[in-house]
Every structure is written in C-alpha cells, then in structure tokens.
Amino acid sequence: MQTVRLSNGVEMPILGYGVYQVTPEECERCVSDALSMGYRMVDTAQAYANEEGVGNAVKKSGIPREELFLVTKVWISNAGYEKAKASIDESLRKLQTDYIDLLLIHQPFNDYYGTYRAMEEAYKAGKLRAIGVSNFYPDRFIDLAEFCGIKPMVNQVETHVFNQQRQPQEIMKEYGTQIMSWGLFAEGRNDFFTNPVLKAIGEKYGKSVAQTALRFLIQRDVVVIPKSTHKERMEQNLDVFDFFLSAEDMATIGKLDKGESLFFSHYAPESVKWLTSFGKD
C-alpha cells in the first residue's frame, strides 16, 4: 500500500476504508471484509456510533496491530479539555486498542482549543500516534495552527473532483499538514457516477468512474477513504494502483472543480446550528 509521511514521520496509508453511515450492526462485518481484502486503514468517529464494530473486527482479524492504522474523531459534544480527555479513553476502550494512530477534531465548533490540548497531552503520553483536525476551513485552520503547540498533522475536508480544495491544500502544506478527503464520490451528487469526463477518461484505462476519481485524488497526494458495504465495490476501490493518469487527463479532470461544497457550508448559521445540535445533553 502506498503511504504518505506525516510531519512527525508516521507513515499513513494513502487509501483506507471509511465507515461513515455504516450502521453499528453492519460495521463489524464490513470492516472484516475490508481487512480481508487488504485494507489496512479504517476511518471512524465517535459520532458514527460504530467504533465498537471497528474494534471487534480488528480484534478478530488476527492482523498485528502495528500493521493497521485506525482513525477516529472527537465530536462537538465532547469538546473541551476534560470531556475530550475522557472521550479519548472511551474511544480507546471501544476500539480495543492501547493507541489510536490518528485522532482528529471532527468539527471546528465548541471549545476545540481545549480539545486540542487534551489531544496534545494524549499524543505525548503515547495514546495517539498523530493528531489533526477535520472540516477546518483555512481561517480556523490557520488560527489553530498558529497558536497550538503541535501543528495539526492532518486536515480531513470535503474533497472530490467538484470541490478539489486546491488553495486550502497549499495552505495546509505551509504548516506541514496532510490533506485527507471525505465525500470523495460526492455521495453521487452532480451525477457523479455518470459524469462523461470521468467516464471517458476511465475507459481509456479500463477503469470505472469511481476508480478514476480515486486515482485523481491519489495523484494529488490526497488521502482517501472510500466507503462501500459491498465486497465487490470495496475490491474495486482498492484496485487503483496499477494505472497512472496522464498530465493531460489530470488537467481535464481539474477543470471539473467548482470550488465550493456540494453539501453545506460551515459558515452558514443553519449548518452550524444543525451540526452543534447533535449529541447535546
């Protein structure tokens, strides 16, 4: 598996398996299938309510822990030093592991400075191998990066052919931060899976629209975590390392960029109210 090297030297697979919207009931089976096919990174979150399923699958897989890369995220309702500190231990318990390879702040809301201090402390204690953020737009990302002790090693943001995050990626590079994608298939929006540009380019290489889109991001050094509950698709999503898009094809796909979210804006008051309502006591 191709890897990227984080700013602290940790090697992270460039492709992993995501479990967003995988039900707790299905999660163990899906992660077990993914691991059996060769996936070695799994991306979950406290808010997904399926960390235990990931932990069960990992434990039963028999794969040495050091060969795996587990990612999870602290949710808004667990923000602040004390709550975040407790939630990290809870995630470790659910994942049935002594350490988490990468822990992210899930959203840039509530007391994320307190959360990050708890993460820095857990990192120094060896509970976390790497720390970072998710959904931090350049303004909040720069603000945190300028005033924290340990620069975020990863920022996971909506990244796909229609929202390519080119300028934010350059800003992340200034701070030694690796970009990671969520929503890489745009959840099918904008007629993603029938896009004529992706289809035509994919046919040249004998690859699907999804495989072409994955390859495009990988060649831009974007970490990707495709999700599927079907074994056949899991296998296809992993089969993207035997071809290379030409510079011309990369430029053609680059023109699909709209430079804006297909989902919601973290600047919109309605979006912020919606996100912050989850998990409140």
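The values are calculated or read from the model by the stated rules, or taken from the named source; none is laboratory data. Computed from a prediction, not measured in an experiment: that's the story for all the values here. Virtual Cβ from ideal backbone geometry, glycine too; neighbours counted across all protein chains shown.
Here is how the numbers come out for the structure above:
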item: Single residue of Ile88, Ile105, Ile14 found to be in contact with a strand residue (DSSP E or B) (Cβ under 6 Å, 6 or more places away or on another chain), closer than 14 Å to Leu128 by Cβ and not charged (D, E, K, R); result: Ile105
item: Filtered residue count, the range 60-108, keeping only those that are free of Cβ contacts under 8 Å to residues at least 40 places away in the same chain, part of a loop (DSSP other than H, G, I, E, B) and surrounded by fewer than 22 Cβ atoms within 10 Å (Cβ to Cβ); result: 7
item: Scan of the range 130-163 for residues that are among the aromatic types (Phe, Trp, Tyr), in a loop (DSSP other than H, G, I, E, B) and farther than 16 Å from Leu103 by Cα, ordered by number; result: Tyr137, Phe162
item: Among the candidates Val42, Val71, Val54, residue that is over 24 Å from Phe241 (Cα atoms), touching a strand residue (DSSP E or B) at 6+ places or on another chain (Cβ under 9 Å) and at pLDDT 95 or above; result: Val54
item: First in the range 193-208 and without any contact (Cβ under 8 Å) to a residue 60 or more places away in the chain and among the aromatic types (Phe, Trp, Tyr), second anywhere and surrounded by fewer than 15 Cβ atoms within 10 Å (Cβ to Cβ) and not in a helix (DSSP H, G or I), Cβ under 7 Å, 6 or more apart; result: Tyr205/Phe243
